[in-house]
Amino acid sequence: MECTKPNFLGFGTWQCSNEEARASVYSAIKAGYRHFDCAYEYLNEKGIGEGIQQAINDHIVTRKELWVTTKLWNTFHKPDLVEYQCKQSLSNLKLDYLDAFIIHWPLSFIHQNDQELYPRDEKHQIIYDSGYSLFDTWCAMEKLVEKKLVRYIGLSNFTVLAIQDLLSKAKIKPFVHEIEVHPYLQNEKVINYSKSHGMIVLAYSPLGGNYSYGPLKDKKTPCLNEKIVLEIAKKHSKAPAQVILRWHFQKYAGDDLYCVLPKSSVEERIVQNSKIFDFNLDENEMNEINKLDRNLRLNDAGAVWWGVPTFD
Ligand code: A2P
């Protein structure tokens, strides 16, 4: 059956090599995942493309049953580079159309060459680009829909103000908004705002991630090791990751405008993360997890790496 929108349960692919991506995407398709989140910047689109192709060749799935999103990187925001990167991503992924193509960050870096993803000057400062706006980039994204290279276009890591501006001028409205959401950063205001404008929210780092930078850089998968999460998991004979994914489902997915994108490179966990529809968290358990909210952003990459506190 053709995918008309992304399934609640998506699959994240950040922080894995091409080889890991190939194997984990194939395992994920075997386990029933149909929604994949990719990015040019992850440098593993080729592996993902191989995993998808292998699953299609093995008759596990057809292209039309899949929903594949990838992202426009910051160095390709200049309007005449947008289609160029889209076509590179399509070629990497071995696809002839994308289901969604989204702007990865509302930050435009200068393009020096295709390999330099973080161009820096002699003082090690990121070199930002100028002479065009995010709206100009968006207009170039709209053309990809007209050319049928992509079905839908969207945003990632945008603030409400940046979305407001885009919505006031855009011919094609953003279909999805991908943002960080987990128990430490429940992000309700941006979620509700995005949904109220018809966007499907794609939650990245839904398990709280495993960041080597930012405020919890020294803690391995901190959310999964929260005492209350471990207790609830034990009570239901489930894994902590299943409890957190179930919490997302019950808290945000009622109106069909919300998806999660858990990432794993381990087959057993990939399967485990897909089995979250056979149990229920009660009101008290939901509230206990709600209480973990600290408004704690783990991926302010702009502030940590690129000299711009994107969300402040
Ligand atoms: P791994 O790839 O080794 O399984 P997020 O999806 O929030 O970004 O979190 C990804 C992190 O969580 C990765 O470090 C991943 O490690 C780990 N992870 C994913 N699923 C599980 C699971 N079911 N149990 C434990 N850790 C998990």
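Readers should treat all values here as calculations from the given coordinates under stated rules, not as data from a laboratory. None of the values given here were measured: they were computed from a predicted structure. Please note: Cβ atoms are built from the backbone with ideal geometry, for glycine as well, and neighbour counts cover all protein chains shown.
Tabulated values for the structure
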{"read-out": "Partners for LYS87 among lysines (Cα-Cα distance below 24 Å; same-chain residues under 8 apart left out)", "value": "LYS5, LYS46, LYS64, LYS71, LYS78, LYS143, LYS147, LYS148, LYS171, LYS173"}
{"read-out": "Residue-averaged 222 nm ellipticity for the chain, from DSSP H runs of 4+ at -39500 (n - 2.57), nearest 500", "value": "-11500 deg cm²/dmol"}
{"read-out": "Aspartates and glutamates whose Cα lies under 15 Å from that of LYS238, excluding same-chain neighbours fewer than 8 positions away", "value": "GLU226, GLU268, ASP278, ASP282, GLU285"}
{"read-out": "Extension gain from ALA31 to GLU268, taking 0.36 nm per residue of separation minus the Cα-Cα distance", "value": "84.3 nm"}
{"read-out": "Sparse-neighbourhood loop sites, trypsin sites (Lys or Arg not before Pro) in region 55-118 - DSSP loop, at most 14 other Cβ within 10 angstrom", "value": "none"}
{"read-out": "Residues of type aspartates and glutamates that LYS189 reaches as a straight line, Cα spacing below 17 Å, ignoring anything fewer than 8 places off in the same chain", "value": "GLU178, GLU180, ASP255, ASP293, ASP312"}
{"read-out": "Computed lengthening from LEU167 to PHE135, 0.36 nm per intervening residue step minus Cα-Cα distance", "value": "10.6 nm"}
{"read-out": "Rounded to 10°, Cα long-axis angle of helix 240-252 versus longest principal axis of the chain", "value": "70 degrees"}
{"read-out": "Spin-label pair HIS124/TYR97, simplified geometry with 7 Å Cα→Cβ offset, distance in nm", "value": "4.7 nm"}
{"read-out": "GNM top mover of GLN53, GLN112, GLN15 - the chain, alpha-carbon springs below 10 Å", "value": "GLN112"}
{"read-out": "Principal-axis tilt of helix 18-31 within the chain, Cα atoms, nearest 10 degrees", "value": "50 degrees"}
{"read-out": "Cα centroid separation - region 198-242 against region 122-146, whole Å", "value": "33 Å"}
{"read-out": "For LYS189, LYS30, order by how many other beta-carbon atoms lie within 10 Å, fewest first", "value": "LYS189, LYS30"}
